[in-house]
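A short write-up of the structure that comes next.
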Amino acid sequence: MQFKISKELLEQIEQLIHQKNDQELAVLLNDMHHADIAEIFDELDIEEATYIFKILDSEITAEILPELEEDVREKILKGLSAKEIAEELDELDTDDAADIIAELSQSKKEEVISELEDVEHAKDIVDLLRYSEATAGGLMGKELVKVNENWNVLTCVKEMRIQAEHVTRVHSIYVVDDENRLKGRLSLKDLLTTSTKTPISEVYIKKVDSVKVDTPNTDVARIMQKYDLEAIPVVDELGRLVGRITIDDIVDVIKEEADKDYQLAAGISQDVEADDSILDLTRARLPWLVLALCGGFISVRVLGLFEGAMTNHGNLFFFTPLIAAMAGNVGVQSSAIIVQGLANQSISGSLLNRLIKEVSLSLLNGIILAAILFVGSHFLLNVEIIIGEIVTIALISVIIIASLIGTFIPLLLHRFKIDPALATGPFITTSNDICGILIYFSIAKLILGF
């Protein structure tokens, strides 16, 4: 059952904080999942959240830290000493600990690392900080279970018991050689059903999916999604096993990419949240609004070129919003399909075949919509036949052109290493609006001869 924060629960927690009733407050929160406590922190004042954080056991608070919103976590960490932060990080897996340390200032970062009690843990965290967060190295953790291909089953079991003490969850057992190069993986079933004297080299599975430390995180997500992996090993340039990435980290990557693409499609150029400052939100939104405004100026200029047509044939003007809206909608539909295909790497075949297919589809849709428009404009709006013919021909032409633009632009952006999600936002809508109006009045001029 999904946890929901009630007003009564928040009031109870706030009351216990004001009463300094630490014991009852700890009992109340200790029974909750750490993700639920993090959600409560997001609803409290930062002073109240910090107060609770300091009275809970480090085993619990260490689990809460990675779940907090970034701005809330930043404020809580500011209220903790380097030693207190180090105590939390000692309880975390190396990947989560490295992510949190990376958010600290350089001076605070060095202080916290020096306060870590587990030297090996500290060395692993420092090693992870070398990698970009957008790569497999930045996602991976050091906690894993590995065995040597030259061992026998009995030795493996003994070594695995020792290693498992430092691993929260064992997803896979990896097999390496004497140089720590990844050779394969070991099935737990095979390990349990094989003689203790059998060499691991005769048992392990030689085929294993892996990624290199510099593999982009989006590619890692794609591989794990394609092969339904719960974890994937990470190797360096020499093929040596250096870490592993688990599915929970990939879910975060997928969510971040989806949020980013959604914001780009909405015309927001920076990663922002609803609670960010007005200045940050303005910086993120304004560039594309300016672009839309410039597009509006161009649309007005295009309409001005056909002022005579609107003077002599006023009915043409009333269909302008319809043509512009259909152009924008068709363009967004086409670009959204292409962007999704590029993201999933499901687009195959040549560009020419893709454009031919899009023309065929848009022609069919255009004819159906044009027929509905012609009948509706004549019988419901009493529009002249000649005007109805102009609008329907223009609508078919606009749908075809808009679909081609919506298909071509994302592919062009992708080829130049620009995020194609841009093509589903104001950029494609504005360009198709202008093209739609220009095509509409050009056809009207050609038929009416004004």
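At a Förster distance of 30 Å, what's the computed FRET efficiency of Ala26 paired with Glu103, Cβ-Cβ distance as r, to 0.05?
Numbers: r = 27 Å, r/R0 = 0.89.
Efficiency at R0 = 30 Å is approximately 0.65.
Sorted by average packing, counted as other Cβ atoms within 10 angstrom per residue and highest first, what order do 132-139, 223-230, 56-63, 385-392 take? Each step should come with its number before you reach the end.
Working: 132-139: 20.4, 223-230: 13.9, 56-63: 16.4, 385-392: 18.9.
Order by mean packing, descending: 132-139, 385-392, 56-63, 223-230.
Among the listed pairs Lys357/Lys417; Lys83/Lys123; Lys123/Lys146, which have their C-alpha atoms separated by more than 22 angstrom in this model?
Numbers: Lys357/Lys417 25 Å; Lys83/Lys123 17 Å; Lys123/Lys146 19 Å.
Too far apart for the 22 Å limit: Lys357/Lys417.
State to the nearest 20 debye the size of the charge dipole of segment 135-218 about its Cα centre, where the only charges are +1 on K and R beta carbons and -1 on D and E beta carbons. Could the numbers behind the result be given before it?
Working: 13 positive and 11 negative charges, 42 e Å.
Using Cβ point charges on Lys, Arg, Asp and Glu, segment 135-218 gives about 200 debye.
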query: Cross-link partners among aspartates and glutamates for Lys206, C-alpha distance below 20 Å, same-chain residues fewer than 8 apart left out?
result: Glu149, Asp177, Asp178, Glu179, Asp190, Asp228, Glu230, Asp236, Glu237
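Tell me, what is a quarter of the convex hull surface for the C-alpha atoms of segment 142-244, in nm² with one decimal?
Over every viewing direction, the Cα hull of segment 142-244 projects on average to 6.4 nm².
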- request: Could you pull out every whole DSSP H run in the chain that spans at least 24 Å of Cα extent along its own axis and averages 1.0 or higher on the Kyte-Doolittle scale?
  value: 278-305, 320-344, 351-379, 385-415, 426-448
FRET efficiency estimate (nearest 0.05) - Cβ-Cβ, Arg415 to Glu111, R0 56 angstrom: 0.75
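What Kirkwood hydrodynamic radius, in Å, does segment 322-400 give when the mean of 1/r is taken over all pairs of distinct Cα atoms and then inverted?
Values: mean 1/r = 0.0721 Å⁻¹.
Taking every pair of different Cα atoms in segment 322-400, averaging 1/r and inverting gives 13.9 Å.
Of the accessible area of segment 301-359, with the probe set at 1.4 angstrom, what percent is carbon plus sulfur?
Details: 2020 of 3410 Å².
Carbon and sulfur atoms account for 59 percent of the accessible area of segment 301-359.
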Debye equation applied to the C-alpha atoms of segment 137-180, log10 I(q)/I(0) at 0.26, 0.30 Å⁻¹: -0.99, -1.16
query: Which of Val147, Ala82, Thr135 sits closest to the plus end of the dipole of segment 1-160, meaning its Cα is farthest towards the positive end, when Lys and Arg get +1 and Asp and Glu get -1 on the C-beta?
result: Val147
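With a ≥ b ≥ c the root eigenvalues of the C-alpha gyration tensor of segment 90-146, is it rounded (a/c under 1.5), prolate (a/b larger than b/c) or oblate?
Values: a/c = 2.13, a/b = 1.17, b/c = 1.82.
In terms of gyration-tensor shape, oblate.
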query: Can you pull the Kirkwood radius for the chain, inverse mean 1/r over Cα pairs, to one decimal in Å?
result: 26.9
query: Once the Cβ-Cβ distance between Ile368 and Thr218 is put in as r, and R0 is 41 Å, what FRET efficiency do you end up with, to the nearest 0.05?
result: 0.60
message: At 0.36 nm per residue, and after removing the present C-alpha to C-alpha distance, how many nm does the segment from Asp228 to Leu446 gain when stretched out fully?
response: 72.7 nm
message: Helix-only estimate, please: 222 nm mean residue ellipticity of the chain, summing -39500 (n - 2.57) across DSSP H runs of length 4 or more and dividing by its residues, to the nearest 500.
response: -20500 deg cm²/dmol
- prompt: What do you get for Rg/Rh over segment 51-178 if you use C-alpha atoms and the Kirkwood form of Rh?
  reply: 1.03
query: Taking only the alpha carbons of segment 1-111, what extent do you get along each of the three principal axes, in Å, biggest first?
result: 41, 31, 22
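Roughly how many debye, to the nearest 20, is the charge dipole of the chain about its Cα centre, given +1 on each Lys and Arg Cβ, -1 on each Asp and Glu Cβ, and no other charges? Provide the component values of the computation, followed by the final result.
Working: 39 positive and 74 negative charges, 670 e Å.
Dipole about the Cα centre, nearest 20: 3220 debye.
The values are calculated or read from the model by the stated rules, or taken from the named source; none is laboratory data. Because the structure is predicted, anything quoted here is derived from the model rather than measured. With ideal geometry, Cβ positions are generated from the backbone for all residues, glycine too; neighbour counts draw on all protein chains shown. For accessibility, only protein heavy atoms count, side chains too; no ligands or nucleic acids. Shrake-Rupley method; radii C 1.70, N 1.55, O 1.52, S 1.80 Å.
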